[in-house]
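Read the figures in this text as sums done on the coordinates, not as results from a lab. This structure is a prediction, so every number in the text was calculated from the model and none was measured. Because the Cβ atoms are built from the backbone with ideal geometry, glycine has one as well, and the counts that use them run over all protein chains shown.
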Amino acid sequence: MMISWVRTLRRASVVAIAAAAVGVLAPGSAIPAHTDAVVSWIAPTPPEGAVLGVAAKTQLSVSFAASTVAPNVGARIRTAASVPQGAVLTYTDGNPATAKFRWTPSRTQVGEYRVTFTASIDAPVGQVQRTLVIHVGRANKPPPGSTNPPGVYPKRFVLSDRSTETYRWALVRHRTVARSGPTRLAHRLSVISFRTPEFYRNAIQVLDSIQYRNGPSWVRIRLAILPNGSTGWVPRGSLGAFQTIHTRLTIVQSRMRATLYKRGRPIFSAMVGVGQPRWPTPRGDFYIREKLQGYSVPAYGPRAFGLNARSAVLTDWAGGGFIGIHGTNEPQILPGHVSHGCVRMRNASIMRLFRLMPLGTPVHIS
């Protein structure tokens, strides 16, 4: 028997900031009467309307430069209006004039900000402005497992590690899209839903993450799509808090046995039934996506676990042929090749496993 599931709602936040610059006369200079003296932005000044991203508690640094065609006249770059608290502009007047805007927003400064800067030679003559958009997102607490030296970006973190029997998972906060890489420009792989088709919250195993200096963090997750074993990247903000567990389930089909380990030590073992040759139980690395109870289907026994594994042959089943681990009302048929791909065990065993095995537990089927 197969288990199936779906769906979510995603919300996004945006933050903005504007920047412009100001030019002035160099000390001792005079403006020509014929003001063909013009000040203009030059590289590395970002283009008008450019959007920049920064996470709270992470420094944003933006460089500006401006020049003038007037002989013996310098330019200057200044703020023309208030800036966010904590932001600083350092500058050097001249031709060209340069400036650097630095800001490390706090956790309370997530939101939208507008700041005006100007470049001029002698305001208001020849004055120009520039506006940038800054996306200030929530700061993500760095998870354990980082191998990066302090200050080196992008930062990479290991979230689930077999060598230490430490695994992490999270509930989906809102609908999002899993991509082939840690960027919104990467190929779309799958829609990640808020709830499963059984209307349980959708749990996701998280494998590792990457954090950029001035942008959002991304998390690599296990996907519930074919081919089995697929992974993808989602924004960190689409997932809830990471939960840490130390359990792992193995199912060896040749031995018809399931074994649960905790911190590397076996704490549970039971014989099982697996898929028939024409409807094989898929092999590979999966995880417990949902824990099911309160239904009244005797063939499933009193409890069931939903995996992210899918049948490669029963793709026309409701929900796409998802695989489950559940009890049975026919214990006499176990062990053996008895199902459409799901893993069956006796009811007493599934009840005990339900108490011992938490949500998010990785499952290896061989």
Cα-Cα over 26 Å: which of Lys155/Lys291; Lys100/Lys155; Lys57/Lys291? Lys155/Lys291; Lys57/Lys291
Cβ-Cβ FRET estimate between Arg257 and Arg107, R0 fixed at 30 Å, reported to 0.05: 0.05
Mind giving me the nanometre distance, one decimal, between the label points for Asp161 and Leu185, set 7 Å out from Cα along Cα→Cβ? 3.2 nm
Go through region 252-263 residue by residue and turn each phi into a ³J(HN,Hα) via Karplus (6.51, -1.76, 1.60, θ = phi - 60°); whole Hz please, and just put x for glycine and proline. 9, 5, 5, 9, 6, 9, 10, 9, 9, 10, 10, 6
The long-range amide H neighbours of Ile134, using H built 1.01 Å from N in the peptide plane and a cut-off of under 5 Å, are Ala16, Ile17, Leu52, Tyr113
Mind listing the phi-derived Karplus ³J(HN,Hα) values for region 66-82, rounded to whole Hz, using 6.51, -1.76 and 1.60 with θ = phi - 60°, and x for any glycine or proline? 9, 9, 9, 8, 5, x, 6, 10, x, 10, 9, 10, 9, 7, 9, 8, 5
In order over region 359-366: 3J(HN,Hα) from phi, Karplus 6.51/-1.76/1.60, θ = phi - 60°, whole Hz, x for each Gly or Pro, gives 4, x, 4, x, 10, 10, 10, 10
